[in-house]
Amino acid sequence: MTVGPISAALDSRSRPVSQANVEHREAIGMANAALIWSENEALRAQDLPQEGATSIGRAPGSGITLPVETVSRQQTSVRFDGTRYLVDNLSRTNPTLLNGAPVAESRALSDGDTVRAGSVELTFHDLSVGDRISGPVCSHCGRENPLTQRDCWYCGTSMVSAATTVRRRIRVGCRLVGADGQRWEIHPGHSIDVSPEGTVTTLDSDSELGQAALRLTCTEEGVQVGAVPGTEGATINGDRAAEGLRLRTGDRVEVGPVRGVVIVR
């Protein structure tokens, strides 16, 4: 398999960025992070909100319910303090572990950290670590350009005399996490292709489909199944993948030997 994330280097076919859509998604508190764990031999994922705390435990009604005897009814919780996510232990007799060490007080979480509740291991994913700052944006066509570009690659407008210094934050829009822990992530305007043999690649959304059995495409509006050739075996949540299907965090992707779950921002 080809391991992501996609290079932050600007692809020559970058699209115009809709600032209105970016600002809208930020205003409604778009989730930056999620937890992934295994349940009944299938990967599960759940977004972590930026308001309130997500309780984790065996008790029904928990933010994340883990129906496992080794997990306390109220085991642990994860909350956002305005700048970072924190994990707290809630059980007096069944310590929560962060990267193998007991959680005695609030501990900050970083991308890839593992939280162990009883016998269940949950992995923390923070997609914001893959965000990048765009190159200069052409004032005429709105396309992003490399820092060294003198004329816009798309319309030819001079990048020297025109007001082309607009820079903006480009957010990671999707991360696909495999059962083996491998992960691939993409920004808007890019896609993840999965071949029947299990090769996973990240590329520009305009690229030819090639031998892929499934393409997941990221736009400013979300993530969807971009193309499904007439190949059996590409499924989303156990059903045959359908072109145009919108994906949400927790959707399970299966293509050949690839078994994964998506986090959608």
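For every residue, the table says whether it meets (1) open to solvent by 20 Å² or more (accessible area, probe 1.4 Å); (2) touching a strand residue (DSSP E or B) at 6+ places or on another chain (Cβ under 6 Å).
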{"residue": "Q149", "(1), (2)": "yes, no"}
{"residue": "G156", "(1), (2)": "yes, no"}
{"residue": "V177", "(1), (2)": "no, yes"}
{"residue": "I186", "(1), (2)": "no, yes"}
{"residue": "A213", "(1), (2)": "no, yes"}
{"residue": "V223", "(1), (2)": "no, yes"}
{"residue": "R246", "(1), (2)": "yes, yes"}
{"residue": "V253", "(1), (2)": "no, yes"}
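Of the residues that sit in the stretch 99-142 and are under 30 Å from Y154 (Cα atoms), in a loop (DSSP other than H, G, I, E, B) and of a type in the set (A, V, I, L, M, F, W, C), which one is least open to solvent (accessible area, probe 1.4 Å)?
C138
Pairs, please: C-beta under 6 Å, at least 6 apart or cross-chain, first residue more than 20 Å from L98 (Cα to Cα) and in the stretch 47-73, second surrounded by 19 or more Cβ atoms within 10 Å (Cβ to Cβ)?
Q50/F80
Residue by residue, here is whether (1) touching a Leu at 6+ places or on another chain (Cβ under 8 Å); (2) hydrophobic (A, V, I, L, M, F, W, C); (3) assigned to a loop (DSSP other than H, G, I, E, B) holds:
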site: L176; (1), (2), (3): yes, yes, no
site: G198; (1), (2), (3): no, no, yes
site: L203; (1), (2), (3): no, yes, no
site: S207; (1), (2), (3): no, no, yes
site: Q211; (1), (2), (3): no, no, yes
site: E254; (1), (2), (3): no, no, no
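Considering (1) open to solvent by less than 40 Å² (accessible area, probe 1.4 Å); (2) touching a Lys or Arg at 6+ places or on another chain (Cβ under 9 Å); (3) modelled with pLDDT under 95, say which one G198 fails and leave the rest.
(2)
Among S18, S14, which is within 30 Å of E144 (Cα to Cα), open to solvent by less than 20 Å² (accessible area, probe 1.4 Å) and modelled with pLDDT under 90?
Of S18, S14, the one residue that is within 30 Å of E144 (Cα to Cα), open to solvent by less than 20 Å² (accessible area, probe 1.4 Å) and modelled with pLDDT under 90 is S14.
Could you list all residues from the stretch 59-87 that are surrounded by fewer than 20 Cβ atoms within 10 Å (Cβ to Cβ) and more than 24 Å from the chain's Cα centre (by Cα)?
Passing the criteria: A59, P60, G61, P67, V68, E69, T70, R73, Q74.
The values are calculated or read from the model by the stated rules, or taken from the named source; none is laboratory data. These numbers come from a predicted model, not from an experiment. Don't worry about glycine lacking a Cβ; one is built from the backbone with ideal geometry, like all the others, and counts go over all protein chains shown. Surface areas here come from the heavy atoms of the whole protein model, side chains and all, with no ligands, DNA or RNA. Shrake-Rupley method; radii C 1.70, N 1.55, O 1.52, S 1.80 Å.
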